[in-house]
Amino acid sequence: MMDTQLTLPFLLRRSESYFGDKEIVTRLPDRSFHRYTYRDAARRARALAVGLQGLGLERGDRVATLCWNHYQHHEAYLGIPSGGFVLHTLNLRLHPNDLAYIANHAEDKAVIVDRSLVPLLDTFLAQTSIEHVLVVEDSYEELVADSDAGAWVDPELNENEAAAMCYTSGTTGVPKGVLYSHRSTVLHTLGVAAGNPMGLGVSEQDVILPVVPMFHANAWGYPYLATMIGAKLVYPGPHLDPESLLEDFVEEGVTWTAGVPTIWLGILAMLDADPGRWDLSRMKGMLVGGSAAPRAMIAGFKQRHGLDVVHGWGMTETSPVASTAQLPGDLAAADEETQFDYVAMQGMPLSFVELRHRDDEGVILPWDGESMGELEIRGPWVAAGYYNTPEQADRWTDDGWFKTGDIVSMHPRGFIQIKDRSKDVIKSGGEWISSVELENALMAHPAIVEAAVIAVPDEKWDERPLAAVVLREGQTATADDLRAFLAPDFAKWWLPDRFEFISEIPKTSVGKFRKTELRDMFTTEAVVQP
Ligand code: ADP
């Protein structure tokens, strides 16, 4: 067989040859829409590659981006790797000290930055070795306009060369860098396109709006997936509030979207408040991942708005999509509650990805739906090491699996169920309590918008669960009410001893519950209960 190298320039050729007229739409900062085609995007991506070569950058050099989701960022996703450079997406919600650390650690040489984010860049630029700053709609535009896309020569990359890199968002500990190869990126794109794992068969006819930021884990692969299949893309720019997103869905006829649960909880609340206001008849549903999608939210979208939630699990280290929860065919006629039980789990691995879970002694655990252990993963788009971080080598087992740090059980059908991150699981009297299960149950309470459960130190039991709860406006519930609400579904010793009623759960840069901050808040403060 031919030794075809799996590299990203292929996607440029394919998209312009077969889907050249399909649209890429961006909501600009001034809220107007920018429209162009895959043909335009491919031409400008090549011009960008030529322009970067003209600046003197060499093969393998890192080119960072500090941008929202928009068409120029899409050009960077394709143009930087197609020039033989490495796309390094910087998370614009990080602290400047972290950004400086990451840009230095990655040895970024150039950066493409949104005009509105130049002040942020200025706070850490001097601490880095970045030599070239390209400002979107300014010097970036000049570079692309002045460079001849026709002068682009396919660098004939080896598929194992680096295409992109991303740092973990640091929910737990110091950010760590992951280098993605052209090959792993192409295989991930094929992997998510195969077998409908993004749910419901995303195809050329779809209109995809990735809410997941392009600076978070490759926007879950959507820019490459959409380019490969020729689906119309809609980028929301910096407008990520529920109302703007709902407007985008309606105006552009969006059929498929994706993001973390906190985004969808906001959208669900807005849909529930005024169901007739938004015509989402063209929308099929959304991929939700990054943290556990509450079962009550999945049921709410389906039962009240006819939208399917496909629950996915992954990590920066796994490119990121590794598993998705699709209803097994023989359950298509099962009652709704059974169906929700399945799709609320994190599902089965994509093809060529393998999963197992082991206990503290390293014994591989059975698929019995109960035994909890650490999830391990291997596959062609799973990192084999962190970039220049030898001290983290113990995250890989001797037989070549990556230790995820997630505590799971396996359903008899092989569906994983994430119980916790190992740092978040509550160890009470030698037994484990899953904070995620308690959170999910609490978020099914009609008076609760959000709930996060953390461990607090306890003299007798070592740790005990504390629930931080955000009540819906105008609603009330006491700690005793909530304990009584949970009691039928949990062992008595699982029930949180303390409930704290707060106005908002602190979130990380990518919208996950920031449990470290909650722990700081509540391991020192006195109990306040209504
Ligand atoms: P960070 O480690 O900085 O949060 P990632 O986005 O790579 O950055 O986080 C990956 C982690 O997110 C996983 O290890 C897991 O703990 C959590 N996660 C991702 N998807 C899900 C999901 N569907 N359900 C529960 N947890 C999830």
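The values are calculated or read from the model by the stated rules, or taken from the named source; none is laboratory data. These figures come from a predicted structure and were not determined experimentally. A quick note on method: Cβ atoms are made from the backbone with ideal geometry, for glycine too, and the neighbour counts reach across all protein chains shown. In case anyone asks, the SASA skips ligands and DNA or RNA and just uses the protein heavy atoms, side chains included. Shrake-Rupley method; radii C 1.70, N 1.55, O 1.52, S 1.80 Å.
If you go through segment 346-357 one residue at a time, do you hit one that is touching a Pro at 6+ places or on another chain (Cβ under 7 Å), open to solvent by 20 Å² or more (accessible area, probe 1.4 Å) and of a type outside the set (D, E)? I'd like the intermediate steps shown before the answer.
Of segment 346-357, the ones touching a Pro at 6+ places or on another chain (Cβ under 7 Å) are 350, 352, 355.
Next, only the ones that are open to solvent by 20 Å² or more (accessible area, probe 1.4 Å) stay: 352, 355.
Pick out the ones that are also of a type outside the set (D, E) and you get 352, 355.
Checking segment 346-357: at least one residue is touching a Pro at 6+ places or on another chain (Cβ under 7 Å), open to solvent by 20 Å² or more (accessible area, probe 1.4 Å) and of a type outside the set (D, E).
Filter segment 328-349 down to the residues that are assigned to a loop (DSSP other than H, G, I, E, B) and within 16 Å of the ligand (Cβ to nearest atom), then identify the one that is nearest to G289 (Cα to Cα). Talk me through it step by step, then tell me what you get.
Let us first name the residues in segment 328-349 that are assigned to a loop (DSSP other than H, G, I, E, B), namely 328, 332-335, 344-346.
Going one step further and asking which of them are within 16 Å of the ligand (Cβ to nearest atom), we end up with 344-346.
On the way: A344: 11, M345: 11, Q346: 9 Å.
The selected residue is Q346.
I'd like the full set of residues that are within 11 Å of the ligand (Cβ to nearest atom) and free of Cβ contacts under 8 Å to residues at least 12 places away in the same chain, limited to segment 390-434.
Passing the criteria: none in range.
If A219 passes every condition in (1) more than 15 Å from the ligand (Cβ to nearest atom); (2) in contact (Cβ under 8 Å) with a residue 40 or more places away in the chain but one, which one does it miss?
(1)
With the requirement that a residue be open to solvent by 20 Å² or more (accessible area, probe 1.4 Å), within 19 Å of Q417 (Cα to Cα) and in a strand (DSSP E or B), what does segment 431-452 give you?
Within segment 431-452, E431, W432 qualify.
Report whether or not P294 is away from the ligand (no atom under 14 Å from the Cβ), open to solvent by less than 50 Å² (accessible area, probe 1.4 Å) and modelled with pLDDT under 95. Walk me through how you get there before you give the answer.
Values: away from the ligand (no atom under 14 Å from the Cβ): no; open to solvent by less than 50 Å² (accessible area, probe 1.4 Å): yes; modelled with pLDDT under 95: yes.
Taking the combined requirement at face value, the residue does not satisfy it.
If the requirement is being farther than 21 Å from G300 by Cα, in a strand (DSSP E or B) and open to solvent by less than 70 Å² (accessible area, probe 1.4 Å), which of these qualifies: P465, P496?
Numbers: P496 fails: in a strand (DSSP E or B).
Among P465, P496, only P465 is farther than 21 Å from G300 by Cα, in a strand (DSSP E or B) and open to solvent by less than 70 Å² (accessible area, probe 1.4 Å).
Would you check if there is a residue in segment 243-261 being open to solvent by less than 30 Å² (accessible area, probe 1.4 Å), at pLDDT 95 or above and among the acidic types (D, E)?
yes
Just to be sure, is P210 within 16 Å of the ligand (Cβ to nearest atom) and in contact with a Gly (Cβ under 8 Å, 6 or more places away or on another chain)? Let's see the steps before the verdict.
Working: within 16 Å of the ligand (Cβ to nearest atom): yes; in contact with a Gly (Cβ under 8 Å, 6 or more places away or on another chain): yes.
For P210, the condition - within 16 Å of the ligand (Cβ to nearest atom) and in contact with a Gly (Cβ under 8 Å, 6 or more places away or on another chain) - is met.
Take Q339 and tell me if it is in contact with a Leu (Cβ under 6 Å, 6 or more places away or on another chain) and under 17 Å from Q417 (Cβ atoms). It would help to see each step written out before you state the result.
Details: in contact with a Leu (Cβ under 6 Å, 6 or more places away or on another chain): yes; under 17 Å from Q417 (Cβ atoms): yes.
In short, yes.
Restricting segment 409-430 to residues that are touching an Asp or Glu at 6+ places or on another chain (Cβ under 8 Å) and open to solvent by less than 20 Å² (accessible area, probe 1.4 Å), which is farthest from A344 (Cα to Cα)? Spell out how you get there, then give the answer.
First, the residues of segment 409-430 that are touching an Asp or Glu at 6+ places or on another chain (Cβ under 8 Å): 409-410, 412, 418-422, 426-430.
Imposing the further condition that a residue be open to solvent by less than 20 Å² (accessible area, probe 1.4 Å) reduces the set to 409-410, 419-420, 426, 428.
On the way: S409: 13, M410: 13, K419: 12, D420: 14, I426: 21, S428: 25 Å.
The qualifying residue farthest from A344 (Cα to Cα) is S428.
Kindly establish whether E437 is at pLDDT below 95 and away from the ligand (no atom under 16 Å from the Cβ).
Numbers: at pLDDT below 95: yes; away from the ligand (no atom under 16 Å from the Cβ): no.
The answer is no for E437.
If the Cβ limit is 7 Å and pairs must be 6+ apart or interchain, which residue in segment 461-479 that is farther than 16 Å from I426 by Cβ pairs with which residue that is open to solvent by 90 Å² or more (accessible area, probe 1.4 Å)?
Matching pairs, first to second residue: V470/S503; V470/E504; T478/P530.
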